[in-house]
Amino acid sequence: MLEFHKLTGQVESMSEYLAGQEQSLEDKLELALTLLNDYADEKALPRIRERVQEAIERDAGYRGASPLDEPLGGTYGPAPLPERATLVATDGSQIYPRRHREPSYYLINIGTMVIHHGSGEAPEVFSEPYLFYEQEYLYLQDEGLTPNAVIDARRTIYEMTALTEHTWLCRDRARPLVALLDNPLLFFMSIEVPERRQLRDIYFSSMNNLLEIGAGLAGYIDKPDSTFIVRLLHLLSLPEDAITRGALATSGSLEGLRDIQVFSTLLKPGWRTALLVQMSPQNKQFRQQGSEMHEIAFFYLNVAAQGERARLARIEIPMWVVRDRTLVAEMQALIYHQCQQLTKRYPYILTRADELAVVKGDEARQLDRMIRVAMVQHGMHAEESEKQATKKIARGRKTRFEVG
Amino acid sequence: MANAVDEPIGRVLRASTQGFSAGARVHQIDTLAFGMLVRAQPRNEEAQGAVYGLLYDIHIDDDPLVRELVLADTTSEEMIRDQHYHRLVPVEMSILSIGFRAYDGQIRHALPPRPPLSLDPVYVCSSEEIREVTSRFDYFRLVLTSQVPSEQLLAANLLIAAGTLPENEQYDFLVRAGREVARLLGGDMARLDNLLRLIYPSTQ
């Protein structure tokens, strides 16, 4: 229960704080744009690379961006929209295991959509559920019920393998062939995941399959909070002797500013920033354990329609895509076109893959009932814990008591 | 129009003895028409128990994604087909019960003894069935006393029924129907006039 009258003062303070933040962000934005302007052209690229290399050599914990071969301030338009193309997108959802639910299980549901762009055909849709109930999946050795982070990692692998499988099946269809994920491609797993090595191998093997058939792969990140370029600008603003771990722990005088705020005034609808790579241990791992082709690059794309306020998404692509700039430009055009199908400016294909994957509350309850019925049919008794049963009573909708 | 079809146009969603609603996929909408005669068939596939009715409303619901697509500047053919073929946005049709096939095999123009069940298939009636049902006009009263747009509905149904007859019989059929309507609506000249204008033959 929320007592709203006790929040009035706090909401007022919050809005005052946010107004102050906005003013401060404007000053930071001005500074960032000045720095960007100083390093915008091609001639500045060697200086930028040198500075990034210095930060790496000093082991200063640099986590910002590094440019590839395009000038930092460059902006790039899309290719003409291909007449024909094949787009594949996958998304996943899950029902996490619950301690108070008997029997315990978890579910991963994967939704995939294939659009034969320009064909006028109805897209293909797929939804594949996987139920996990064996002890070895439900419990970590000596650590109790499998944590959600582990299930998330497993779900990501199911998404990637489904994406690869469906893209592979389309290898003879119209090109360009583009595979899209609703996640960053830089797949990070915490130490909690016991089978992380195997999962990573499967991930790289899926990427290899896509590389083998010459498919474009992209991860789409909506409204990204990333500060890779802001961190680069901060690094460039530092005197050489100030490049230290402490100085690079934040974005210094640009702290609080996000990349999309820097580029939202610079990118026309449909246009992208330069291609950059993120200097992170994960990306290094991708390069070392996968191959040079697995390193992940990114760009920001303005997905707003003409005349609208800028809406930037971050698009991550592997290095084999980076090396084919025609494919990059075509993917840019196709992703932008997908975003124009909905006023929320988010790819239609990802919206539908999510819709195919998502398990709604009543579906989850129906699955629960299905499992209970099956248990009873096998002579077992399924009971929820006292705690769960009590919660249900307290949260239940009030119903009118009627006589007659 | 209204030739027999082997495939159902939809399945029963909700029902009462007075009528029922059926859901169909959006791409089946071409087979539907206001005033057409349809049959809800019990799933035991016997003719007895079939409920006949007139389609008086076709309703298409929206959802947030459809609203998004409507507002977008560009919508490609593939997205529209995706909505029509894959998404669970059914066309809902409302049907007024006008008769049923009794256990003696005859069609009775009266409310059925029981409504069709959920998910019973709904078929468009064949020309033969339409001629059989409309060979008598006892169902007119059920239509004209219902809460639906009754003159419009009955007129649309009569024009469809006339279309199933040989050309030289159509005029006589509409004249006979008009006389029956005049008998039933003799005390309500406004409705009678409206209905007669709607079925007035364009040529003779």
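The values are calculated or read from the model by the stated rules, or taken from the named source; none is laboratory data. Predicted model, so just to flag it, every value in this text is computed and none were measured. Counting neighbours? That spans all protein chains shown, and the Cβs are built from the backbone with ideal geometry, glycine included.
Checking the conditions here, which among A:Thr146, A:Thr112 is hydroxyl-bearing (Ser, Thr, Tyr) and closer than 30 Å to B:Met79 by Cβ?
Sole residue among the options that is hydroxyl-bearing (Ser, Thr, Tyr) and closer than 30 Å to B:Met79 by Cβ: A:Thr112.
Are there any pairs, at least 6 apart or on different chains, whose C-beta atoms fall under 7 Å, with the first in the range A:198-226 and in contact (Cβ under 8 Å) with a residue 40 or more places away in the chain and the second among the aromatic types (Phe, Trp, Tyr), and if so, which?
A:Tyr203/A:Phe187; A:Asn209/A:Trp168; A:Leu211/A:Trp320; A:Ile213/A:Trp168; A:Asp222/A:Tyr346
Only one of (1) under 29 Å from the mean Cα position of the chain (by Cα); (2) among the β-branched types (Val, Ile, Thr); (3) farther than 24 Å from A:Ala247 by Cα is not met by A:Thr8, so which one is it?
All conditions are met except number (1).
Take the residues in the range A:106-143 that are over 30 Å from A:Leu169 (Cβ atoms) and in a loop (DSSP other than H, G, I, E, B); name whichever of them is farthest from the other protein chains (Cβ to nearest Cβ).
Ranking the qualifying residues of the range A:106-143, first place goes to A:Asp142.
Across the range A:176-219, which residue is surrounded by the fewest Cβ atoms within 10 Å (Cβ to Cβ) among those that are assigned to a strand (DSSP E or B) and within 15 Å of the chain's Cα centre (by Cα)?
A:Gly219
Can we say B:His84 is within 14 Å of chain A (Cβ to nearest Cβ), touching a residue at least 12 places away in the same chain (Cβ under 8 Å) and surrounded by fewer than 18 Cβ atoms within 10 Å (Cβ to Cβ)?
So B:His84 passes the test.
Could you tell me whether B:Arg11 is in contact with a helix residue (DSSP H, G or I) (Cβ under 8 Å, 6 or more places away or on another chain), away from chain A (no Cβ under 14 Å) and either under 23 Å from B:Pro116 (Cα atoms) or assigned to a helix (DSSP H, G or I) (or both)?
Against the criterion (in contact with a helix residue (DSSP H, G or I) (Cβ under 8 Å, 6 or more places away or on another chain), away from chain A (no Cβ under 14 Å) and either under 23 Å from B:Pro116 (Cα atoms) or assigned to a helix (DSSP H, G or I) (or both)), B:Arg11 does not qualify.
Would you check which residues across the range A:337-349 are surrounded by fewer than 24 Cβ atoms within 10 Å (Cβ to Cβ) and either not assigned by TED's automatic domain parsing to the domain that holds A:Arg84 or not polar (S, T, N, Q) (or both) and list them?
A:His337, A:Leu342, A:Lys344, A:Arg345, A:Tyr346, listed by residue number.
Would it be correct to say that A:Tyr62 is more than 30 Å from A:Cys170 (Cα to Cα) and within 25 Å of the chain's Cα centre (by Cα)?
yes
Residue-by-condition table, conditions (1) assigned to a helix (DSSP H, G or I); (2) within 14 Å of chain B (Cβ to nearest Cβ); (3) modelled with pLDDT of 95 or more; (4) surrounded by 11 or more Cβ atoms within 10 Å (Cβ to Cβ):
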{"site": "A:Trp320", "(1), (2), (3), (4)": "yes, no, yes, yes"}
{"site": "A:Ala333", "(1), (2), (3), (4)": "yes, yes, yes, yes"}
{"site": "A:Lys391", "(1), (2), (3), (4)": "yes, no, no, yes"}
{"site": "A:Val403", "(1), (2), (3), (4)": "no, no, no, no"}
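Kindly establish whether A:Ala218 is within 30 Å of A:Arg175 (Cα to Cα) and of a type in the set (Gly, Ala, Ser).
So A:Ala218 fits the description; yes.
Tell me which residues, restricted to the range B:149-179, are surrounded by fewer than 18 Cβ atoms within 10 Å (Cβ to Cβ) and not in a helix (DSSP H, G or I).
Result: B:Pro149, B:Leu165, B:Pro166.
Filtering the range B:87-111 down to residues that are closer than 17 Å to B:Pro8 by Cα and β-branched (Val, Ile, Thr), which residue is surrounded by the most Cβ atoms within 10 Å (Cβ to Cβ)?
Residue satisfying both the conditions and the ranking: B:Ile95.
Need the failing condition index for A:Val359 against (1) away from chain B (no Cβ under 14 Å); (2) part of a helix (DSSP H, G or I), just the number.
Single failed check for A:Val359: (2).
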